[in-house]
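S.K.: Below is the structure I would like to discuss, written out as structure tokens.
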Amino acid sequence: MNYYIAHILNSNADSIDIYDLQRDKNSNFRITNFNKLSSLEESDELFVFIPSSIVTSYGFQENKSLSKQINIANFISEVDSVFAEEVSSNKYFLHDNAGYVVDKNFLKNLNMSLSELNAQIHVLPEYLLNNIDGKDVITEFKDKFLFTYSNKTGFSSDYSSLDQYLEIVLNKNPNFSPLIFSSNKMLIDKFSEQPIKKSFNLNDFDLLKIKTLPNFFKLQISVSLIKKKIGFSKSQLILCLISLFLIIAGPNYLIYENNIKTKIYTSSTYNIFKAIDKDLNRVVAPRSQIDQIIKQLPQKDIPLIKLPDLNIFLKYASKYIVDISIDINSSYTSIIINSMPDLQFNILKNNAKRFNVTIIDDELISNDGFVSGTIKIGFDNE
């Protein structure tokens, strides 16, 4: 496991100092984008410090009885009056009684770049590089002076604006007495009563403490990232996406298909009943309603009419039946079928006689293994 520090020097994130803490804590090199770190492994850890100009911080006491979302909303309502830009152009983080406002576009682009790396990522404001619990600290690091306050908020300044920023801080807090990690004469003179450490060395970087600080990194999922992480080829990835789509869409399609067939069945059943009894308005319980229709027939006519046994057709061909009509005067029943498989029709035809059903005529057309047309079934009508 190796540890690295990446210090982003500007808001364009195209000038980045990299420090390899494992080999030599004083060695570093500069890169222009994070693609240069593609060799990092999953066990490596990368601590990315972003410019103070990108992140603004405030002290904020969270209400532990409220949700994170409500606390963030309360934080925004407290500080939005000082924003120069729209509230929606920022991301908001709360951590250990401090609130952080980060430029959304910068953070999104940064996280997209970092997501391509295999290492474990931590993104923090640069002024937390030298954080000491319960202490205000001024640290000179490279060409910047990092102001780290005891409540985990902070800021950074270059040499040209150091005196002006100090004046603002002291006007707001006259008792400001930070620890000094700098050889700057002005700082030493101004805070002579405080312990002075001539310089900050990355040997002082506390890995355990830094992991307890806020982390602005969020993995950005993309097709290229999935492909890279899983190691699939383009064709394999497409196949996986198609399979995933079928898994999700398949049940919905089957439900849709079943509903369509149910509607067809219901409609066909209703049409059959309507042909038998024109006063029928609704089919709810077919068997019961058949009995009721028969009961309504004049008793003197019942012995004269023997309806055909259609159970075999309902068993083998119900899903292919389009219409059924009964002509009592001519003693036959017409059944219209559509796209019934040849094999299934032959089974039906061969078993018809076992059910005392006589097919007296058929007007069927066979096409590509399916038959469609009209079948006439004879029955006795004395």
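S.K.: Counting only residues that are more than 47 Å from the chain's Cα centre (by Cα) and surrounded by 19 or more Cβ atoms within 10 Å (Cβ to Cβ), which one in the range 313-325 is modelled with the lowest pLDDT? It would help to see each step written out before you state the result.
M.R.: Of the range 313-325, the ones more than 47 Å from the chain's Cα centre (by Cα) are 313, 323-325.
After this cut, where a residue has to be surrounded by 19 or more Cβ atoms within 10 Å (Cβ to Cβ) as well, the list is 313, 324.
Details: Phe313: 71, Ile324: 81.
Checking each candidate, the answer is Phe313.
S.K.: Another question, if that's okay. Search the range 334-352 for residues that are without any contact (Cβ under 8 Å) to a residue 60 or more places away in the chain and pair each with any residue that is aliphatic (A, V, I, L, M) and outside any strand (DSSP E or B) when their beta-carbon atoms are under 7 Å apart and the residues are at least 6 apart or on different chains.
M.R.: Sorted first by the residue in the range 334-352, then by its partner, the pairs are Ile337/Ala317; Met340/Ala317; Leu348/Ile312; Leu348/Ala317; Asn351/Ile312; Ala352/Ile312.
S.K.: Looking at Lys234 and the list (1) modelled with pLDDT under 80; (2) surrounded by 13 or more Cβ atoms within 10 Å (Cβ to Cβ); (3) among the charged types (D, E, K, R), which single condition is not satisfied?
M.R.: Condition not satisfied by Lys234: (2).
S.K.: On to the next question. Could you check the range 337-375 and list, in sequence order, the residues that are polar (S, T, N, Q), within 15 Å of Val322 (Cα to Cα) and either over 51 Å from the mean Cα position of the chain (by Cα) or not in a strand (DSSP E or B) (or both)? Steps first, please.
M.R.: Just the residues of the range 337-375 that are polar (S, T, N, Q), to begin with: 338-339, 344, 346, 350-351, 356, 358, 366-367, 372, 374.
Next, from what is left, pick out any that are within 15 Å of Val322 (Cα to Cα): 338-339, 372, 374.
Within the range 337-375, Thr374 is the sole residue that qualifies.
S.K.: Then there is this: Is one or more of the residues making up the range 28-37 closer than 21 Å to Thr139 by Cα and in a loop (DSSP other than H, G, I, E, B)?
M.R.: Scanning the range 28-37, I find no residue that is closer than 21 Å to Thr139 by Cα and in a loop (DSSP other than H, G, I, E, B), so the answer is no.
S.K.: Any residue at all in the range 144-153 that is more than 24 Å from Leu21 (Cα to Cα) and touching a residue at least 60 places away in the same chain (Cβ under 8 Å)? Don't jump to the end; show me each part of the working.
M.R.: Kept after step one, since they are more than 24 Å from Leu21 (Cα to Cα), are these residues of the range 144-153: 149-151, 153.
Going one step further and asking which of them are touching a residue at least 60 places away in the same chain (Cβ under 8 Å), we end up with 151, 153.
Scanning the range 144-153 turns up at least one residue that is more than 24 Å from Leu21 (Cα to Cα) and touching a residue at least 60 places away in the same chain (Cβ under 8 Å).
S.K.: So which residues in the range 219-231 are surrounded by fewer than 14 Cβ atoms within 10 Å (Cβ to Cβ) and either modelled with pLDDT of 70 or more or not in a helix (DSSP H, G or I) (or both)?
M.R.: Result: Leu219, Ile221, Ser222, Gly231.
S.K.: Among Ser177, Ser156, Ser161, Ser192, which is hydroxyl-bearing (Ser, Thr, Tyr) and touching a helix residue (DSSP H, G or I) at 6+ places or on another chain (Cβ under 6 Å)?
M.R.: Details: Ser177 fails: touching a helix residue (DSSP H, G or I) at 6+ places or on another chain (Cβ under 6 Å); Ser161 fails: touching a helix residue (DSSP H, G or I) at 6+ places or on another chain (Cβ under 6 Å); Ser192 fails: touching a helix residue (DSSP H, G or I) at 6+ places or on another chain (Cβ under 6 Å).
Just a single option satisfies the conditions, and that option is Ser156.
S.K.: Restricting the range 173-216 to residues that are surrounded by 14 or more Cβ atoms within 10 Å (Cβ to Cβ) and among the polar types (S, T, N, Q), which is farthest from Gln120 (Cα to Cα)? Break it down stepwise before answering.
M.R.: Kept after step one, since they are surrounded by 14 or more Cβ atoms within 10 Å (Cβ to Cβ), are these residues of the range 173-216: 176, 178-182, 184, 187-188, 190-191, 194, 196-197, 200, 202, 204-205, 210, 213-216.
Next, only the ones that are among the polar types (S, T, N, Q) stay: 182, 184, 194, 215.
Numbers: Ser182: 31, Asn184: 35, Gln194: 37, Asn215: 11 Å.
Within the range 173-216, the match that is farthest from Gln120 (Cα to Cα) is Gln194.
S.K.: Still on this structure, please answer the following. Closer than 21 Å to Tyr92 by Cα and surrounded by 12 or more Cβ atoms within 10 Å (Cβ to Cβ): is that true of Ser150 in this structure?
M.R.: Details: closer than 21 Å to Tyr92 by Cα: yes; surrounded by 12 or more Cβ atoms within 10 Å (Cβ to Cβ): yes.
Judged against the criteria, Ser150 is a match.
S.K.: Now for a different question. Only one of these conditions is not met by Ser57: (1) surrounded by fewer than 18 Cβ atoms within 10 Å (Cβ to Cβ); (2) closer than 24 Å to Thr153 by Cβ; (3) in contact (Cβ under 8 Å) with a residue 40 or more places away in the chain. Which number is it?
M.R.: Only one criterion is unmet by Ser57, namely (1).
S.K.: Suppose the filter is in contact with a strand residue (DSSP E or B) (Cβ under 9 Å, 6 or more places away or on another chain), surrounded by 16 or more Cβ atoms within 10 Å (Cβ to Cβ) and either more than 24 Å from Phe205 (Cα to Cα) or among the aliphatic types (A, V, I, L, M) (or both); does Phe93 pass it? Reasoning before the result, please.
M.R.: Numbers: in contact with a strand residue (DSSP E or B) (Cβ under 9 Å, 6 or more places away or on another chain): yes; surrounded by 16 or more Cβ atoms within 10 Å (Cβ to Cβ): yes; either more than 24 Å from Phe205 (Cα to Cα) or among the aliphatic types (A, V, I, L, M) (or both): no.
Taking the combined requirement at face value, the residue does not satisfy it.
The values are calculated or read from the model by the stated rules, or taken from the named source; none is laboratory data. Quick caveat, the model's predicted, so the values are computed rather than measured. Heads up, the Cβs are rebuilt from the backbone with ideal geometry, glycines too, and the neighbour counts pull from every protein chain shown.
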